[in-house]
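First comes the structure, then the notes that go with it.
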Amino acid sequence: MKLLSFEHAGRVGFGALMDPRTGIVDLSRQGYADLRDALSRTTTVELERLAGSLPATLALDDVRLLPPILAPEKIICVGVNYGKRNEEYRDGSAPPAYPSVFPRFPGSFVGHGQPLLRPPESDQLDYEGEIALIIGKPGRRIAAADAWSHVAGLTCLNEGTIRDWLRHGKFNVTQGKNFDASGSMGPWMVTADEFDPAAPLTVSTRVNGELRQQDSTDNLMFPFAELIRYISIWTTLRPGDVISTGTPIGAGVRFTPPRFLVPGDVVEVEVSGIGVLTNSVADESAQPT
């Protein structure tokens, strides 16, 4: 089942896309504030049962899609997680013993179809196609063997990055990873029951139709279950939390010369079993808000 958040006629809601031909079943009038609230109070199985009992009342083309979870308590991103990424740095270092993690804020993401904004402070907006996990069941110190039972679903994520701002601090990347509207998430969350946790997924990124990134989760240094195990040691994972699992080689910064995004570019992140997240690029106004 596909669960999504949207804006329609000035109202923000969420629903289930049971079939693109029949449209969206609006679930936001069923006693839940938003999708995060629904995940915290019920199961995706119950949401599917509810959606199956209601008519589809909204056409997909008539809504503005938002990130599936509007205000996650935590968005935790994982860096350098595909095996070839470590080699990409050409520093001779051994594969890491632990995941590299950093936070992102909800305002740094837009939904499918909305523009990624290049800020006036930099011309180094880059793309990073990723697979993101959305937590459904809370937990602390979750065993790897139990990790999948805590996943509500998966979504596509473009972890857009302002490259020169990554280097402002000696030991952190937070600034370059959190410019408003620099990344995107969506178009929807596909519930975990649609996937075989043992089967590999493929993530691909295209810019203006040109394939720039492609890899399989078979090549993750830290698989999904290990990420959940490790992260939940030091923080309680809660419904709606997002874990972005890393990007393959091929980001724009790795080309010679670098190929950063410019206004008018179109970026597509495709994940097998989920769909395609598409965003154009525009310049952000320098006017203060």
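Assorted remarks:
- The residues listed here are Asp37, Asp19, Asp26; of these, the one that is open to solvent by 30 Å² or more (accessible area, probe 1.4 Å) and farther than 19 Å from Pro239 by Cα is Asp19.
- Note on the stretch 91-147: no enclosed strands (runs of 3 or more DSSP E) hold 2 or more residues that are free of Cβ contacts under 8 Å to residues at least 12 places away in the same chain.
- Verdict on Arg21 being over 23 Å from the mean Cα position of the chain (by Cα) and at pLDDT below 95: yes
- Residue check for Glu121: of a type in the set (D, E, K, R) and open to solvent by less than 50 Å² (accessible area, probe 1.4 Å): no
- Of all residues making up the stretch 218-237, the number that are open to solvent by 30 Å² or more (accessible area, probe 1.4 Å) and in contact with a Gly (Cβ under 9 Å, 6 or more places away or on another chain): 3
- Arg64 crowded, with 17+ Cβ neighbours inside 10 Å and within 22 Å of the chain's Cα centre (by Cα): no
The values are calculated or read from the model by the stated rules, or taken from the named source; none is laboratory data. What you see is a predicted model, and the numbers here were worked out from it, not measured in a lab. Because the Cβ atoms are built from the backbone with ideal geometry, glycine has one as well, and the counts that use them run over all protein chains shown. These area figures cover heavy atoms from the full protein model, side chains too; ligands, DNA and RNA do not enter into them. Shrake-Rupley method; radii C 1.70, N 1.55, O 1.52, S 1.80 Å.
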